[in-house]
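I have a structure here, written as structure tokens, and I will follow up with some questions on it.
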Amino acid sequence: MNRWKSVVVHAGLLAGLLLSIFPFYWLAVMATRTTSEIYSFPPRLWFGGELGANISRVMASIDFWGAFFNTLFVASAVTVLVLFFDSLAGVTFAKFRFPGSQWLFIVLLATMMAPSQLSLVPSFVIMAEFGWVGSFKALIIPGMVNAFGIFWIRQYAQESIPDELLDAGRIDGCGFFRLYWNVSLPILRPALSFLGAFTFIGVWNDYLWPLIVLTDSSKFTLQVALASLNGIYQTDYSMVIAGTLMAVIPLIVLFLFVSRQFISDIAAGAVKN
């Protein structure tokens, strides 16, 4: 009975895996076809020979590598800042008490309930007052802290960082920042791996805010540049899909690396416990 149960579970997991992978496979297949072949019926489920031509048209239509490195810079900067500030605030909320901390955390949670679109106009006005419209600062500075990251780190820190360890650090003369840097951060590595990947992918895929705040085409991020491939009257979907595939590949590589790191950190923590 247990054997059949195991077979059913593994079959279900395999089916879920195939369903999850198929959209990426289908994206890769369409990137190797022409637009007319994409619309053909029955659909062609194997790779074609037009990938090189489609990529060449992408490169000729937009500054792909310029937009790629713009996006890489912005996403990396935002991710590093989020990891630092969110972990600092999350550990503070989880393990340190100060007047008004509970009410402040409730206000923080309340901000998560408001749709992000509501802040677009006020944020743009603030960026205009600072003179940051059209610059990378308008993408990096507003995104360097987010409520979800603070909440995530707080929940993880509450369960994983023993109070006795912090007390031992205080006895040894550690101040607040050293307790954070030398004691808390090594324990938070799995949570930081997830938060880093989550933040990087979110910034990499962000389209609306860069579209609003960027004015110079040389500073366009990848999603904004790819959107310009859509024609007014006719769209070469094979070219658009090829550009999309090129933009997705770095995220797949990042996911594979971070998921492996996340699992190894979890396993290392389990062994230590």
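May I ask you to compute the full-extension gain from residue 145 to residue 218, defined as 0.36 nm times their residue separation minus their alpha-carbon distance, rounded to one decimal in nm? Could you put the intermediate results ahead of the total?
Numbers: separation 73, 0.36 × 73 = 26.28 nm, distance 2.63 nm.
Here the segment from residue 145 to residue 218 would lengthen by 23.7 nm.
Now a separate question. From the square roots a ≥ b ≥ c of the eigenvalues of the alpha-carbon gyration tensor of the range 133-266, which class results: rounded (a/c under 1.5), prolate (a/b over b/c), or oblate?
On the way: a/c = 4.06, a/b = 2.21, b/c = 1.84.
Here the range 133-266 falls in the prolate category.
Using only C-alpha atoms and all pairs of different ones, pull out the Kirkwood radius for the range 128-193 in Å with one decimal. Walk me through the numbers on the way to the answer.
Numbers: mean 1/r = 0.0702 Å⁻¹.
When all Cα pairs of the range 128-193 are included, the Kirkwood radius is 14.2 Å.
Angle check, please: helix 51-61 long axis (alpha carbons) against the longest principal axis of the chain (alpha carbons), in degrees 0 to 90, nearest 10.
Compared with the principal axis, the helix lies near 80 degrees.
Can I ask one more? From zero outward in steps of 5 Å, how is the percent of C-alpha pairs of the chain spread across the bins?
1, 5, 9, 11, 13, 13, 13, 11, 9, 7, 4, 2, 1, 0, 0
Where the centroid of each part is defined by its Cα atoms, how far is the range 1-77 from the range 116-188 in Å?
34 Å
Next question. What is the angle, in °, between the Cα long axis of helix 189-205 and the longest principal axis of the Cα atoms in the chain? Nearest 10 is fine, range 0 to 90.
40 degrees
Could you do me a favour and compute the accessible area per residue for the range 182-236, 1.4 Å probe, result in Å²?
On the way: 2700 Å² over 55 residues.
Per-residue accessible area for the range 182-236 comes out at 49 Å².
For the range 1-87, what class follows from the C-alpha gyration tensor (a ≥ b ≥ c being the square roots of its eigenvalues): rounded when a/c is under 1.5, otherwise prolate if a/b is larger than b/c, else oblate?
oblate
Output wanted: per-residue J couplings in Hz (rounded whole) for the range 238-244, from phi through Karplus 6.51 cos²θ - 1.76 cosθ + 1.60, θ = phi - 60°, x for Gly and Pro.
5, 5, 4, 5, 4, x, 5
Using a ≥ b ≥ c from the Cα gyration tensor of the range 8-151 (square roots of the eigenvalues), is it rounded, prolate or oblate, where a/c under 1.5 gives rounded and otherwise the larger of a/b and b/c decides, a/b for prolate?
Oblate shape, in that a/c is at least 1.5 and b/c is the bigger or equal ratio.
Could you work out the helix-only [θ] at 222 nm for the chain, with each DSSP H run of four or more residues adding -39,500 (n - 2.57) and the total divided by the number of residues, to the nearest 500 deg cm²/dmol?
-23000 deg cm²/dmol
Further question: State the percentage of accessible surface on the range 206-247 attributable to carbon and sulfur atoms; use a 1.4 Å probe and exclude ligands, DNA and RNA.
The nonpolar share, carbon plus sulfur, comes to 57 percent.
Also, quick follow-up: With all protein chains present, how much of the accessible area of the range 1-126 (probe radius 1.4 Å) comes from carbon and sulfur, to the nearest whole percent?
Solvent-exposed carbon and sulfur of the range 1-126 make up 76 percent of the total.
Another one. Skip the ligands, DNA and RNA, and give the accessible area per residue of the range 19-149 with a 1.4 Å probe, whole Å².
Accessible area per residue, the range 19-149: 58 Å².
Another question, if that's okay. Where does helix 147-160 land angle-wise versus the long Cα axis of the chain, in degrees 0 to 90, nearest 10?
Rounded to the nearest ten degrees, it is 50.
Read phi for every residue in the range 4-19 and hand back ³J(HN,Hα) as whole Hz from Karplus 6.51 cos²θ - 1.76 cosθ + 1.60, θ = phi - 60°, with x for Gly and Pro.
Each residue's phi maps through the Karplus curve to give 5, 4, 5, 4, 5, 4, 5, 5, x, 5, 5, 5, x, 5, 5, 5 Hz.
The values are calculated or read from the model by the stated rules, or taken from the named source; none is laboratory data. Since this is a predicted model, take the numbers as computed values, not measurements. Calculation scope for accessible area: heavy atoms of the full protein, side chains included, ligands and nucleic acids excluded. Shrake-Rupley method; radii C 1.70, N 1.55, O 1.52, S 1.80 Å.
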